[in-house]
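Data first, discussion second: the structure below is written as structure tokens.
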Amino acid sequence: VVRVRLTEQEGQTRLEFPFQSPVAAAVFQRGGALWVLFDGGTQVDLAGVLRSGRRHRDVTPIVEAGVAGIRAPLPDGVTASATLEGNTWIVTLGPRGPGASASAVLERPRHWRHHRRLWPRRGRTGDR
């Protein structure tokens, strides 16, 4: 079980996913939402996120064969970035600056290797 930690400061929201060992991740924006998916199907505990306030009640867990993570609404004007520190994936949400991309940005560490593609079940991402 990965217990998600949420902190907010200076207009940014930071989600931390502390794993016991290295895990591949996919972070992307699709269908008006931010998707954060992890390889291996580990259960994601959102209790810490839900206690953080009404604004985060729309965050939903994703659990499928070999894949687990979250889906969260991503309001207009908000962008996301993801980094890896040790075995902790950190996703930061904040206001999009002028000229910044509307896409989620995954900062790939030097030692990171792609293991396999992580795909949510068809139709869950808002595709038609």
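The values are calculated or read from the model by the stated rules, or taken from the named source; none is laboratory data. In this text, all values refer to a predicted model and were calculated from it rather than measured experimentally. Neighbour counts are summed over all protein chains in view; Cβ atoms, including those assigned to glycine, are modelled from backbone coordinates with ideal geometry. For the accessible areas, the whole protein counts, side chains as well, though only heavy atoms, and no ligand, DNA or RNA atoms are used. Shrake-Rupley method; radii C 1.70, N 1.55, O 1.52, S 1.80 Å.
Which of the residues belonging to the stretch 2-30 are without any contact (Cβ under 8 Å) to a residue 60 or more places away in the chain and either of a type in the set (Lys, Arg) or on the phi > 0 side of the Ramachandran plot (or both)?
Result: Arg3, Arg5, Glu10.
Quick check on Val4: is it open to solvent by less than 30 Å² (accessible area, probe 1.4 Å) and modelled with pLDDT under 90? Spell out how you get there, then give the answer.
On the way: open to solvent by less than 30 Å² (accessible area, probe 1.4 Å): yes; modelled with pLDDT under 90: no.
No, not satisfied.
So, of the residues in the stretch 50-77 that are closer than 16 Å to Thr7 by Cα and either modelled with pLDDT of 85 or more or in contact with a Lys or Arg (Cβ under 8 Å, 6 or more places away or on another chain) (or both), which turns out to be most open to solvent (accessible area, probe 1.4 Å)?
Taking the candidates together, the pick is Leu50.
Does Gly41 qualify as being in a loop (DSSP other than H, G, I, E, B), among the small types (Gly, Ala, Ser) and either at positive phi or open to solvent by 10 Å² or more (accessible area, probe 1.4 Å) (or both)?
Numbers: in a loop (DSSP other than H, G, I, E, B): yes; among the small types (Gly, Ala, Ser): yes; either at positive phi or open to solvent by 10 Å² or more (accessible area, probe 1.4 Å) (or both): yes.
Against the criterion (in a loop (DSSP other than H, G, I, E, B), among the small types (Gly, Ala, Ser) and either at positive phi or open to solvent by 10 Å² or more (accessible area, probe 1.4 Å) (or both)), Gly41 qualifies.
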